[in-house]
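What follows is a set of notes on a single structure, which appears directly below.
The values are calculated or read from the model by the stated rules, or taken from the named source; none is laboratory data. As the structure is a computational prediction, the values presented were derived from the model and not from experiment. Positions of Cβ are generated from backbone atoms using ideal geometry, with glycine treated the same way; all protein chains shown enter the neighbour counts.
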Amino acid sequence: MDGPTTGVAVFACLFSSAVAGLIAHARLPAKLLTRRATTAIRRSVWIVAMMAALMLALLTVQLKTHFDSASRDVRNFSSQIVALDRTLRQLGPEADPARSLLFRYSARIMKDVWPQTHPKLGPADTHATKLFGELERAIGDLESPDARMRDLEVAAMAQLHEIARARWNLGDRDATQLSPWLVSFLVLWLMLTFGSLSLSAPRSPLVMGALFLCALALSSEVFLTVEFADPYVGLIIVSSEPVQNALFALSE
């Protein structure tokens, strides 16, 4: 689902429901909208309103937590890249080919996760899996007679496997967790709330303005909920700056 489109559609649905309620209030016979009937309608609609508010709050908290977790995964991935580069630097000039592959692999991952970015890529850097395999072989081919260097080589291979796990965590965040059916039912409940409330409200500029602002506030909340559902797609996304900083550190 697209956040801006969903937000605009929700606003249109809510405000249309409010306007429909005001029109119905003006056209219904006065004997139908008695005080007892109005009280019963308001009490009933409060149940629906509480359900919608609870659902919207739970969705917002859950998806914001999901979004923050994705942001932490990006920072973790970036820090592990820098840590592996530091280990390879300690191995000396023999590890320069591996460092070059690490840069190319990281740049490819950045392009895959954030297609709108423009990292430095070579003509052959089209598949991250292939680059990872070459990087793994390059680190595995490092054989030093020095015991300290061998320990660094083992540490570098362990760090590379940690990077692979961190990369898969980034991939797991790609799928949108927000069901369109859930949003549809939530909007339906909100439409019932707006329509029922405006049914017993007088037609005046003040009432219209209040309903307009309420519809705008709720539609913006739905917009944020949809945007948080996918951390890497939309107007609100997880920043690629940590990976950019890591690439800058690797290029020094």
Test: residue in the stretch 54-63 that is under 21 Å from Met157 (Cα atoms) and either touching a Phe, Trp or Tyr at 6+ places or on another chain (Cβ under 6 Å) or modelled with pLDDT under 90 (or both): no
Positions within the stretch 42-54 being within 27 Å of Ala229 (Cβ to Cβ) and either in contact (Cβ under 8 Å) with a residue 24 or more places away in the chain or outside any helix (DSSP H, G or I) (or both), in sequence order: Val48, Ala49, Met51, Ala52
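Any residue at all in the stretch 157-170 that is among the charged types (D, E, K, R), closer than 18 Å to Thr5 by Cα and surrounded by 13 or more Cβ atoms within 10 Å (Cβ to Cβ)?
Among the residues of the stretch 157-170, not one is among the charged types (D, E, K, R), closer than 18 Å to Thr5 by Cα and surrounded by 13 or more Cβ atoms within 10 Å (Cβ to Cβ), which makes the answer no.
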Val187 buried (at least 17 other Cβ atoms within 10 Å of the Cβ) and β-branched (Val, Ile, Thr): yes
Residue in the stretch 124-144 that is charged (D, E, K, R), surrounded by 16 or more Cβ atoms within 10 Å (Cβ to Cβ) and either without any contact (Cβ under 8 Å) to a residue 24 or more places away in the chain or in contact with a Ser or Thr (Cβ under 6 Å, 6 or more places away or on another chain) (or both) present: yes
Cross-chain or 6+ apart pairs with Cβ under 9 Å, the stretch 237-252 first and assigned to a loop (DSSP other than H, G, I, E, B), then buried (at least 17 other Cβ atoms within 10 Å of the Cβ) and among the small types (Gly, Ala, Ser): Val238/Ala70
Residue check for Thr193: in a helix (DSSP H, G or I), under 30 Å from Gln116 (Cα atoms), of a type in the set (Val, Ile, Thr) and touching a helix residue (DSSP H, G or I) at 6+ places or on another chain (Cβ under 6 Å): no
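Residue-wise test of (1) of a type in the set (Phe, Trp, Tyr); (2) without any contact (Cβ under 8 Å) to a residue 40 or more places away in the chain; (3) loosely packed, with under 15 Cβ neighbours inside 10 Å; (4) at negative phi.
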position	(1), (2), (3), (4)
Ala26	no, no, yes, yes
Pro29	no, yes, yes, yes
Ala40	no, yes, yes, yes
Leu56	no, no, no, yes
Thr60	no, no, no, yes
Ala70	no, no, no, yes
Asp73	no, no, no, yes
Ile81	no, no, no, yes
